[in-house]
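Working notes, beginning with the structure itself.
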Amino acid sequence: MTDAWLRCRTPRHKPSARLVCLPHAGGTAGPYAAWSAGLPEDVELSAVQYPGREDRLSEPPADDLRTLVAGVSAALLPLTDRPLVLFGHSFGAAVAYETACVLTAWGAAPGHLVVSGRRAPSAPARGDMHTRPDDELVAELVRLGGTRGGLLADPAVRAVYLPAVRADFRLAETYHRATPRPLHCPVTAVLGDADTEVDEAQAGSWSHHTTGPFALHTFPGGHFYFTPRREPVLRLLADLTRTAAGARPQPESENLS
């Protein structure tokens, strides 16, 4: 199942750490492939591919967050032989947090959790976009800035693309954890200063979800701030990943080399 869930275009030989990206609602692993070029050569980048899109189009989209997280967690467990940093954007932040909780319970806690463009799990669930007609759902995707509206004007494209989007939106809009499970790893929240989905106070509430260090970073831009600001965002992720690598000793066999 690991091959089904993860996409790693540029494998590294004995990486010092691994960065795993979890996409937004309706998102895919594909756009993250180019991020490898902006990371240190000893950092290996993988992206999660949710079912129901791209090369997993024949599979039904996840209709239960626990099932989705279980699949992601099982795929990531073999990668925890190196310090692991999770970066989740929007819906992906919720998936990343729940995955971090599962890995922690398995004794394989991530070295850092980076949550982007998302309110904390303790925030009340909100939104009903997953119940709206296709035209309204498409309009919302365009408003957020992650999708080209012209592409979704084609009914054939909508028929292929929207089922996964709607399924993800349902999970994202109904997600809430009244009693969060605290992590022990560092958590960093990131957002755009013009994001209509989360503000600094809401992003700052992620601090209540870890007993470890917490930091908040704001970049110019909207919900998809990292598209025009990719270089500084990658510098931040590179710094956090290298810090995580330094915080955990390498296996003894490699220390002897």
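The values are calculated or read from the model by the stated rules, or taken from the named source; none is laboratory data. None of the values given here were measured: they were computed from a predicted structure. Backbone-built Cβ (ideal geometry, glycine too); neighbour counts: all protein chains shown. Side chains are part of the model used for accessible areas, which takes the heavy atoms of the whole protein and leaves out ligands, DNA and RNA. Shrake-Rupley method; radii C 1.70, N 1.55, O 1.52, S 1.80 Å.
From the list T174, T196, T227, which one is of a type outside the set (D, E, K, R) and within 16 Å of the chain's Cα centre (by Cα)? Let's see the steps before the verdict.
Numbers: T174 fails: within 16 Å of the chain's Cα centre (by Cα); T196 fails: within 16 Å of the chain's Cα centre (by Cα).
Sole residue among the options that is of a type outside the set (D, E, K, R) and within 16 Å of the chain's Cα centre (by Cα): T227.
Condition test on T10, is it of a type in the set (V, I, T) and over 30 Å from V160 (Cα atoms)? When the stated conditions are applied, T10 does not pass them. The single condition from (1) within 20 Å of P124 (Cβ to Cβ); (2) open to solvent by 60 Å² or more (accessible area, probe 1.4 Å) that G204 fails is (2).
Out of the range 223-251, which residues are open to solvent by less than 30 Å² (accessible area, probe 1.4 Å) and of a type outside the set (A, V, I, L, M, F, W, C)?
Step one: of the range 223-251, the residues open to solvent by less than 30 Å² (accessible area, probe 1.4 Å) are 223-226, 233-234, 236-238, 240-241, 244-245.
Within the range 223-251, H223, Y225, T241 qualify.
Residues in the range 127-146 that are among the β-branched types (V, I, T) and either at pLDDT below 90 or surrounded by fewer than 16 Cβ atoms within 10 Å (Cβ to Cβ) (or both): 2 in all.
Of the numbered criteria (1) under 27 Å from D193 (Cβ atoms); (2) open to solvent by 30 Å² or more (accessible area, probe 1.4 Å); (3) at pLDDT 95 or above, the one A96 fails is (2).
If you go through the range 147-170 and keep only what is basic (K, R) and open to solvent by 70 Å² or more (accessible area, probe 1.4 Å), you end up with R148, R170.
The single condition among (1) modelled with pLDDT of 90 or more; (2) out of contact with any helix residue (DSSP H, G or I) (no Cβ under 6 Å at 6 or more places or on another chain) that R158 does not satisfy is (2). Return the pair list, or none, for Cβ contacts closer than 8 Å from residues in the range 192-214 that are at pLDDT 95 or above to residues that are part of a helix (DSSP H, G or I) and of a type in the set (S, T, N, Q), at least 6 apart or on different chains. These pairs meet every condition: F214/S207.
Let me confirm something: among G111, G145, which residue is in contact (Cβ under 8 Å) with a residue 60 or more places away in the chain and at positive phi?
Just a single option satisfies the conditions, and that option is G145.
All conditions but one from (1) surrounded by fewer than 22 Cβ atoms within 10 Å (Cβ to Cβ); (2) outside any loop (DSSP other than H, G, I, E, B) apply to L86; the one that does not is (1).
Taking E173, is it open to solvent by 10 Å² or more (accessible area, probe 1.4 Å) and touching an Asp or Glu at 6+ places or on another chain (Cβ under 8 Å)? I'd like the intermediate steps shown before the answer.
Values: open to solvent by 10 Å² or more (accessible area, probe 1.4 Å): yes; touching an Asp or Glu at 6+ places or on another chain (Cβ under 8 Å): yes.
So E173 passes the test.
The listed residues are D81, D42, D55, D63, and the only one of them that is open to solvent by 10 Å² or more (accessible area, probe 1.4 Å), more than 15 Å from the chain's Cα centre (by Cα) and free of Cβ contacts under 8 Å to residues at least 60 places away in the same chain turns out to be D55.
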